[in-house]
1. Residues of region 26-40 being within 20 Å of residue 79 (Cα to Cα), at pLDDT below 85 and part of a helix (DSSP H, G or I), which ones?
2. Is it the case that region 195-214 has a residue that's at pLDDT below 70, within 15 Å of the chain's Cα centre (by Cα), in a helix (DSSP H, G or I) and on the phi < 0 side of the Ramachandran plot?
3. Quick one: which helices (runs of 4 or more DSSP H) sit completely within region 118-183 and have at least 3 residues that are more than 17 Å from residue 265 (Cα to Cα) and either touching a helix residue (DSSP H, G or I) at 6+ places or on another chain (Cβ under 8 Å) or at pLDDT 85 or above (or both)?
4. Within the bounds of region 223-244, is there any residue that is surrounded by fewer than 12 Cβ atoms within 10 Å (Cβ to Cβ), closer than 18 Å to residue 160 by Cβ and at pLDDT 80 or above?
5. Please work out if residue 396 is more than 48 Å from the chain's Cα centre (by Cα) and assigned by TED's automatic domain parsing to the domain that holds residue 480.
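The values are calculated or read from the model by the stated rules, or taken from the named source; none is laboratory data. Computed from a predicted model, the values in this text were never measured in an experiment. Cβ sites come from the backbone with ideal geometry, for glycine too, and all protein chains shown count toward neighbours.
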């Protein structure tokens with residue numbers, strides 16, 4: 001298992017002279033980005049000397065550091081016979097140095113780590129749109145050339161990779177130690193609505209887009225997916241590589257990698273019995289973040305108002321208000337307490353003497369309002385009083401209810417003929433109460449295996465169904481319903497009505 005061995009190319013990042021090695025490798029990487037792949041030691045030495053902390057850096061130190069980097073396989077020396085002018089120079093072997101592939105990736109990683117705080121993920125929905133379009137193109141992709149198939153696959157995988165990485169980077173910020181401190185700060189309360197709106201919009205879009213992508217994935221047959229993936233493998237193998245060893249390794253691992261990536265896409269959007277989809281996990285995490293934001297904001301607001309009591313202040317203002325000799329002075333005190341700096345909307349459940357919108361509060365009749373202390377030990381006074389008998393009111397309500405039942409029974413049972421109530425024979429306009437009664441009986445019978453039921457009037461019936469449908473004309477519209485028949489037991493027709 002060679003991939004578990006120590007990575008020698010990363011040694012220069014943590015050794016004792018790491019600042020010197022990292023400065024040299026950074027110079028090589030900066031030149032590599034400018035397409036200057038090979039550098040002489042003199043060029044490196046001049047570039048290093050430009051930094052103030054390396055003003056005393058000598059050529060001998062550089063040679064020693066370059067040899068160490070060559071030994072760790074970060075640099076590859078290439079002998080340059082063109083610059084040899086003497087036998088001594090030939091023996092000293094003038095080299096040009098180039099970065100190894102592993103060193104380029106290590107240095108690129110270190111640059112990314114240094115600027116990690118500047119990079120931030122986002123919850124863009126464009127990737128979902130492109131992924132959905134790519135899945136719907138699979139039926140046409142199988143008939144394209146290998147080059148077009150390879151381009152389609154790379155774009156599809158790049159969109160999925162960015163989607164996965166961006167949402168992880170963005171949501172990760174809410175679980176870092178720094179984020180916990182920011183979420184609990186007073187300044188964050190000002191911006192909480194923007195975060196909540198942004199996350200809620202993402203949830204709304206994700207729910208719709210993920211369902212559409214899920215349907216697109218389920219609509220793809222296994223034969224189509226296998227055919228397209230095999231052509232993707234063929235397109236990758238058709239790319240020529242000079243190194244035969246690399247080609248052999250690619251042939252051995254390419255199939256596993258491509259099928260594994262397709263499985264990752266499926267797991268992201270499709271839930272299984274063993275585990276939910278990744279999109280469902282993202283929705284749960286986002287809901288949790290919104291809950292945390294709202295909870296922290298409420299706690300911050302509670303802490304700001306904790307222990308604040310203005311009872312003494314209001315008592316002093318009332319004393320000053322009572323000492324006012326003119327209305328102008330009273331207006332000034334009132335403006336100080338209830339003015340533009342302390343806007344409050346006070347409302348009591350009491351009618352106004354005037355409905356004019358332009359009337360002043362001073363034109364209203366004074367009223368009293370009892371204030372209850374906000375302390376745990378407060379108990380309101382219990383006023384003992386008798387209670388009147390409501391037997392007559394209850395009897396009146398009962399009689400009204402029974403009359404309503406009799407009226408409903410009369411309206412419904414008038415359609416019964418020969419123990420049968422056929423909906424297809426109801427041609428006149430019925431009330432909403434009659435329609436609700438019929439639907440209630442039909443629903444009750446459909447819930448039983450024997451398709452039978454009993455009305456609230458004590459009548460047993462059995463539900464039958466004719467072919468076709470029937471339109472019930474109701475007061476509030478028409479209702480299309482299957483042609484049901486309610487067959488009653490006993491002597492039930494339009495003439496036998498009434499409650500027991």
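1. Answer for region 26-40, where residues must be within 20 Å of residue 79 (Cα to Cα), at pLDDT below 85 and part of a helix (DSSP H, G or I): just 32.
2. yes
3. 138-141, 146-172, 177-183
4. Checking region 223-244: not a single residue is surrounded by fewer than 12 Cβ atoms within 10 Å (Cβ to Cβ), closer than 18 Å to residue 160 by Cβ and at pLDDT 80 or above.
5. For residue 396, the condition - more than 48 Å from the chain's Cα centre (by Cα) and assigned by TED's automatic domain parsing to the domain that holds residue 480 - is not met.
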